[in-house]
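First comes the structure, then the notes that go with it.
Derivation of every value follows stated rules applied to the coordinates shown; laboratory data play no part. Note that the coordinates shown come from a computational prediction; the quantities given were computed from them, not determined experimentally. Reconstructed Cβ throughout: ideal geometry from the backbone, glycine too, with neighbour counts over all protein chains shown.
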Amino acid sequence: METTQVAIIGAGPSGAIAAALLNQKGIDVLVLEKATFPRFSIGESLLPACMESIRAAGMLDAVNQAGFQFKNGAAFSHRGRYVNFDFTDKFSIGIGTTFQVQRGQFDKVLADDAERQGVTIRYQHEIESVELDGDKPRLIVKNQNGDAYTLAADFILDASGFGRVLPRLLELETPSCLPPRQAIFTHIVDNIEDSQYDRDKILISVHPEHHDVWYWLIPFSNGTCSFGIVGEPAFFERYPDNHIEAIRQLAAEEPRLAVLLANAEYPNPSGQIGGYSANVSTLATNKFALLGNAGEFLDPVFSSGVTIAMKSAELATEVLARQLAGEDVDWAADYEQPLLKGIDTFRCYVEGWYTGTLQDVIFYPRPDTKVKQMICSILAGYAWDQDNPYVKEPVRRLNALASICAP
């Protein structure tokens, strides 16, 4: 049996950030990662709020020097209407720019920097089971050679993302309030020749005939893009089973994308995820906490996944450091409730996007400057800023605004 103060499952963004923050406090951390890095993942368009977490973890220099595509905002397109949000022109205080990243490389940059700071990461170590009886939780781990060992820890942080290790092993999963949706995607060589195309922004396009179907186009610094389409599963049944052919056909159906991607090449395989929205019965106890997608994932539309993951790492490590120092903590009040404030703001905007009310707001032709700055702050990831009225009362404020902006 091996021992550590904190065992972290997963070396992705939330795991690497949490490990670095705990290491800064002198807490012994061991990270267990099933895969080897680099490895593919979606969630490639970061939000500026992520940079605040990266800075807190001491990783800002490493990320800034990695050569990723600069990002300063988001653009939206639908039926000839085009709107952009400049993340530097926002209501909330904080960093206003970020990057669009190939996640394999980005996650490796974070993990490597955590190791540089003194964190131990064991790759190809898979969690077989977890035992919470007794004073300390224990993980049964299988290493790259297939040998099993037991790791006892004072606390477990689950940063396993879509792997959802503890929710699966402890039967914590509950249905999401969001309906099931599907995404198909690939990486393309975009060959975009339009001089007006802004590579510094993610482009989110709405299907001309189906307002709940949307496209992402995320440019990278090497002339390629991540390109994907999201819709309900039944929508994709009318398209070819070959997802690359389906993606090409769907690109041709959206007029702006049809022009932008007229010369695009599709040399890479496609990916698909479905039924990705998830929830759990509890996010934390005095023995474990769930970070990021391991706890709850909403939808890729506003790129909130990595932001929630990093914010959860910051909040959880603050509470955990107090617990390990001997303080009495309330994980529901100190971690779960503060984290859910931002998640609920994002959820309100995700639901508003698919009902069309948020689209009415985004494409409104005469926006109030101050209100647009408040909405921009949420799109930039500052969904925990209680000074922002659209964060403090997201449902009421958005519904009131949508009633004014409705066609």
Starting from the Kirkwood radius over alpha-carbon pairs of the range 182-274, derive D by Stokes-Einstein at 10 °C in a medium of 1.306 mPa s and give it in µm² s⁻¹. 119 µm²/s
When only C-alpha pairs under 8 Å and at least 6 residues apart count, what is the relative contact order of the chain, in percent? 21 percent
Whole-Å distance linking the alpha carbon centroid of the range 324-356 with that of the range 114-143 is 26 Å
Excluding same-chain residues fewer than 8 positions from Lys71, which aspartates and glutamates have a Cα within less than 17 Å of its Cα? Glu44, Glu52, Asp61, Asp86, Asp89, Asp198, Asp200
The chain: most fluctuating residue of Leu47, Leu132, Leu291 per GNM, C-alpha cutoff 10 Å: Leu132
Can you give the extra length, in nm with one decimal, that the chain gains between Asn84 and Ala35 once fully stretched, where that is 0.36 nm per residue apart less the Cα-Cα distance? 13.9 nm
Can you figure out the FRET efficiency of Glu245 with Glu171, using R₀ = 51 Å and their beta-carbon distance, to the nearest 0.05? 0.80
Which order do the peptides 379-387, 336-344 take when ranked by the mean count of other beta-carbon atoms within 10 Å per residue, highest first? 379-387, 336-344
Using the Cα gyration tensor of the chain, the equivalent ellipsoid's semi-axes, largest first and to the nearest Å, work out to 36, 24, 20
May I ask you to derive the relative contact order of the range 1-57, considering only C-alpha pairs under 8 Å and at least 6 residues apart, and to give it as an integer percent? 39 percent
Positive-end residue of Thr4, Met59, Thr174, charge dipole of the chain with Cβ unit charges: Met59
Scoring the range 1-114 by relative contact order with C-alpha pairs under 8 Å, at least six apart, yields a percentage of 34 percent
